[in-house]
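Since the structure comes first, as structure tokens, the remarks are kept for the end.
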Amino acid sequence: MAITITQVDVWTALVHGLISFLSPCALPLLPSFIALLLYDKGKSAFLRIVGFFLGLSGTFSALGALSGSLGSFLDKNLLRYVSGTLIIAMGVLFLLQVQLFKPRAVKLNKFTAGGLLSGIGLGLGVGMVWIPCASPVLASILAIAATKGTALRGAILLFIYSLGISIPFLTIGGVVSKLLTKVSFGTPLWERILKYGTSALLFLIGFLIISGKAFV
């Protein structure tokens with residue numbers, strides 16, 4: 001079976017992941033997540049990081065597969081209008097800073113030791129935290145995944161999305177969290193840029209899908 005994931009799809013998914021990484025409600029938790037991830041050293045630490053990536057990417061890939069599967073049952077034209085409209089609505093919600101789900105406390109202290117399996121559990125837990133934090137952005141990429149029409153394409157798209165979260169998380173997560181969560185008066189400039197820029201991006205993607213010029 002041919003798999004058609006274009007460069008536009010790849011970059012769109014990566015950008016969605018990066019935006020999710022920068023979610024204001026998730027950033028303050030980064031130091032704790034990173035401390036748990038790097039609790040051990042040596043081989044155990046390496047396996048833990050691998051497990052974390054598998055857990056995090058598995059969480060979102062499963063959502064992508066589900067979304068792609070659902071999209072396969074809908075008429076292409078109907079799916080185009082529904083997905084585009086949904087993404088535009090998500091842009092409005094992101095602009096208004098509305099979360100579709102309220103973050104729930106996830107007890108991750110049970111993953112303070114161990115290798116691969118512990119890392120997988122930590123990755124799954126962190127994924128559960130990011131879902132409500134980035135819900136409008138996540139809903140947008142899931143809508144795009146639905147237009148792909150197959151579970152495999154949807155899973156691949158959301159796997160790429162997970163890279164947009166995990167790559168900065170595993171490389172510069174600690175530095176970014178310290179820089180962006182410093183005490184300041186009013187809404188930080190980076191947060192305003194993220195809000196307006198992301199909303200504009202979601203509006204554009206929604207209109208492109210409705211017009212049939214992209215992602216379908």
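The values are calculated or read from the model by the stated rules, or taken from the named source; none is laboratory data. Being a predicted model, the structure only gives us computed values, none of them experimental. Neighbour counts run over all protein chains shown; Cβ positions are idealised from the backbone, glycine included. The area values use the complete protein model at the heavy-atom level, side chains included, leaving out ligands, DNA and RNA. Shrake-Rupley method; radii C 1.70, N 1.55, O 1.52, S 1.80 Å.
In terms of packing, defined here as the mean over residues of other Cβ atoms within 10 angstrom, the peptides 127-138, 43-54 line up highest first as 127-138, 43-54.
Ordered by solvent-accessible area of protein heavy atoms (1.4 Å probe), largest first, the residues Thr12, Thr6 come out as Thr6, Thr12. Sequence-ordered 3J(HN,Hα) estimates for segment 68-82 from the Karplus curve with 6.51, -1.76 and 1.60 and θ = phi - 60° stand at x, 5, 5, x, 5, 8, 9, 4, 4, 5, 4, 4, 4, 5, 5 Hz, glycine and proline given as x. Computed with the Debye formula from one identical point scatterer per Cα of segment 1-71, without solvent, the log10 of I(q)/I(0) at q = 0.22, 0.24 Å⁻¹ comes to -1.13, -1.19. For segment 17-27, putting each phi into the Karplus relation 6.51 cos²θ - 1.76 cosθ + 1.60 with θ = phi - 60° gives couplings of x, 5, 4, 5, 4, 8, 4, x, 7, 9, 4 Hz, in residue order, rounded to whole numbers and with x for Gly and Pro.
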